[in-house]
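What follows is a short report on a single structure.
What follows is calculated from the coordinates using simple rules that are stated; it is not laboratory data. Just so it is clear, the structure is predicted and the values come from calculations on it, not from any experiment. Note that we place each Cβ from the backbone using ideal geometry, even for glycine, and neighbour counts take in every protein chain shown.
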Amino acid sequence: MIDFERSEELKRLQKKIGYDFTDVSLLNTALTHTSFVKGDGNNNEHNERLEYLGDAVLELSVSAYLFENYPKLNEGKMTRVRAQTVCESSLFEVAKYYGVGEAVLLSKGESNSGGRKKPSILSDALEAVIGAIYKDGGFEKADAFIMQFAPSYIEKAVNGSTDKDYKTTLQELVQREHMGALKYVLVSEKGPDHKKEFEMLITIAGKEYASGKGHSKQEAGQNAAKSVLELLKQQ
């Protein structure tokens, strides 16, 4: 049962994303993190199944857009552009823009530890919202929502103007400053096969600097390198 306060919160988000749900419980489920179900909540549904569905819908939408609008791109280039478009960091930015973190249901512990600002939680929730729109209104409505944000990320990726390659930048810095051997260490690999989460730790000359997470080892390494660069900048 969705109470009045929650209902108003969901209305605000629907206004932001530009889609009104026929079945608003789908949106509520899309914004229910597993920690809420396992912790403080009395709802027995969380967003992982909708996230799985939304991930597939998102990839199809972006793939179709690339196929129709970039006829000169080969399969390999389209695959790379799609990966950059639907990566965690891009979806995190979009989720922040729509205020998804404010509406996610989390356990008190997860909320207190900064869960509303975690890239993994917000990007997964955004994918779940896409899955919910698909379930509620079909592919056309989900595609319309995705096209609110995806084309700009696609264009950046096609033109090579996406976020800089942090691993390359870090490697060049370490070599230039003669800091020692740079290594990436796989710390953990968690989650179901369709949505693995990896954590990579960076060491320089045997000293641990920072780690990063992502849905691939490459993405986790990039996020770790970004953290190390920010740390070195502060120092």
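Output the DSSP H helices from the chain with an along-axis C-alpha extent of no less than 30 Å and a mean Kyte-Doolittle hydropathy no less than -0.5.
Passing helices, by number: 48-69.
What does the stretch 166-234 give for Rg and for Dmax, in Å, if only its C-alpha atoms count?
Cα radius of gyration and Dmax of the stretch 166-234 are 12.2, 40 Å respectively.
On the Cα set of the stretch 4-158, report Rg and Dmax in Å, please.
Gyration radius and largest Cα-Cα distance of the stretch 4-158: 15.6, 52 Å.
What does the helix-only formula give at 222 nm for the chain: each DSSP H stretch with n ≥ 4 adding -39500 (n - 2.57), the total divided by the residues, and the result rounded to the nearest 500 deg cm²/dmol?
-18500 deg cm²/dmol
List the residues whose amide H sits under 5 Å from the amide H of Ala210, counting only those 5 or more places along or on another chain, with H placed 1.01 Å from N in the peptide plane.
Counting only residues 5 or more places away or on other chains, the set is Ile202.
Simple spin-label model, 7 Å along Cα-to-Cβ: Glu172 to Asp23 in nm?
Going by the 7 Å Cα→Cβ label model, 5.1 nm.
Report, by chain and number, residues whose modeled amide H sits under 5 Å from the one on Val187, excluding near sequence neighbours (fewer than 5 apart, same chain).
Amide H neighbours of Val187, under 5 Å, 5+ apart: Glu199, Met200, Leu201.
Would you be so kind as to identify which of Ile133, Leu106, Leu50 lies farthest towards the positive end of the dipole of the chain, taking Lys and Arg as +1 and Asp and Glu as -1 on Cβ and the Cα centre as origin?
Checked the options; the winner is Leu106.
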